[in-house]
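Here's the structure, in structure tokens; my notes come after.
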Amino acid sequence: MTALWYYKQMDQEVGPLSPNDLVQAVAQGLIVPETEVRQEPGEWMSASKVSGLFERATRTNQPVAIANGVAGLKPSLASQSSGDVIEVLDSAVHGSFKVEVLGYRSLSGSHDPSTAQTVFFANQAGLKLKQVKVTLQNHEVQIEAGALHYMHGRLEMDNKAGGVAGLGKAMLNKMLTNEAAFKPRYRGTGELYLEPSFGHFLIYQLRNEELIADKGLFFCSDGSLEVGVVMQKNLSSAFLGGEGFFQTRVKGNGICVFELPVPANEVRCVQLNNETLKVDGNFALMRTGNIEFTVEKSTKSLFGTLTSGEGLLQTFRGTGKVWLAPTQGIYQRIQLGGMSSLSVTQKSSNTTT
């Protein structure tokens, strides 16, 4: 009788699988060395302890290529495993919700010479095509409208407007936050792949808290989170802060993914403990905690403000966290004026998000 196998995925037991199915699951990246597996009957153990399992999976994904009668040539891209082409740049798990930021190690060009040249220089510069992958186990995800690339599994879309009142609220949110009027919800068990891009993503775990983000940064989140809008609490931040009257608010306990204007490793998180943070420009991306946001003069006197060269500053006061993108203005200057635009230090960081 053929031995049956099981493995755990996000605390859910998957199986039964035949030995060949188990090898295939390893080849597809569903099972990694730390994944718990067991044979029926048997105790749970790490997959790395199953003798020969990963060796067989490697052979399965790397067949010997034969061309013009010569064996041993490098396998084509189609015969390579997905792990050779795609890597996991970041990931997080919360209960039955898992999100990963995937990165293509390199792109292989195009039949069009001009496009192939552009892709070549992108690879040389280290630019990675990225894609957000969401895995659900009888759970729910909400995403920006139009962000779905493809999905598979037992999944259903739920995009109920909630009547006239819900429709009106959705259209108001769109007008106020520069985000889609409706955020489709997908429920069930399966995997969703969102639209790939050369953009940058930040995964953040909310722990029964509220996060205020700049308009347009929201990408997807755990379906249990509440996503809406919040109004600036004072006139200075509304008229002079550069973010308008409204920003996006995410509230609850779960995982949220934001699309950033700069790489995530260039974002700086500043912790405030009943302190004040002042920023010259609007490159503050989001904040959590009990923090008041205002726009204030750089000095107490009008004369000092005029002579300091700093003018007005975004001011964050209280206890919590503020995320900054200090390099955002640098990329904007390079885009507009090339590298020569950095030959002189800019005297004010009037960036926009």
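The values are calculated or read from the model by the stated rules, or taken from the named source; none is laboratory data. Nothing here was measured: the structure is a model prediction, and the numbers come from that model. So basically every Cβ, Gly included, is an ideal-geometry build from the backbone, and we count neighbours across all protein chains shown. The protein model used for the area step is the full one, side chains on, heavy atoms only, and it has no ligands, DNA or RNA in it. Shrake-Rupley method; radii C 1.70, N 1.55, O 1.52, S 1.80 Å.
In sequence order, what are the phi-derived ³J(HN,Hα) couplings for the range 92-101 according to the Karplus relation 6.51 cos²θ - 1.76 cosθ + 1.60 with θ = phi - 60°, rounded to whole Hz, with x for glycine and proline?
After applying 6.51 cos²θ - 1.76 cosθ + 1.60, I find 7, 10, 9, x, 9, 10, 10, 10, 9, 9 Hz.
Leaving ligands, DNA and RNA out of it, rank H149, H139 by accessible area with a 1.4 Å probe, largest first.
H149, H139
Enumerate the amide H contacts of H200 below 5 Å, restricted to partners 5 or more residues apart or on another chain; note that Pro and chain-start residues carry no placed amide H.
L260
Would you mind getting me the FRET efficiency between K8 and S197? Use the beta-carbon distance for r and R0 = 35 Å, nearest 0.05.
Calculated transfer efficiency: 0.65.
Output wanted: per-residue J couplings in Hz (rounded whole) for the range 313-321, from phi through Karplus 6.51 cos²θ - 1.76 cosθ + 1.60, θ = phi - 60°, x for Gly and Pro.
For the range 313-321, the Karplus curve yields 10, 5, 10, 10, 10, x, 10, x, 10 Hz.
So if each residue of separation counts as 0.36 nm, and I subtract the Cα-Cα distance between S114 and N265, what length gain in nm does that give?
Length difference between fully extended and current span is 51.2 nm.
Suppose R0 equals 45 Å; then what is the FRET efficiency for R187 and I334 from their Cβ-Cβ distance, rounded to the nearest 0.05?
Computed FRET efficiency for R187 and I334 comes out at 0.55.
I'd like the FRET efficiency for S343 and E55, computed as 1/(1 + (r/R0)^6) with the beta carbon distance as r and R0 of 51 Å, rounded to 0.05.
Computed FRET efficiency for S343 and E55 comes out at 0.40.
When Lys and Arg each count +1 and Asp and Glu each count -1, what net charge do the other residues less than 11 Å away from H139, Cβ to Cβ, add up to?
Net charge in that neighbourhood comes out at +1.
Multiply the residue gap between T35 and T276 by 0.36 nm, knock off their C-alpha separation, and tell me the result in nm, one decimal place. List each step's numbers first, then the result.
Numbers: separation 241, 0.36 × 241 = 86.76 nm, distance 4.50 nm.
Extending this stretch completely gives an extra 82.3 nm.
Convert each backbone phi in the range 183-193 into a coupling constant with the Karplus relation 6.51 cos²θ - 1.76 cosθ + 1.60 (shift: θ = phi - 60°), then list the ³J(HN,Hα) values in order as whole Hz, x for Gly and Pro.
Taking θ as phi minus 60°, the curve returns 10, x, 10, 10, 10, x, 10, x, 10, 10, 10 Hz for the range 183-193.
Taking amide H positions as placed in the peptide plane 1.01 Å from N, state which residues far from G223 in sequence (5 or more) or on other chains have amide H under 5 Å from it.
Excluding prolines and chain starts, which carry no amide H, the hits are E140, V141, Q142.
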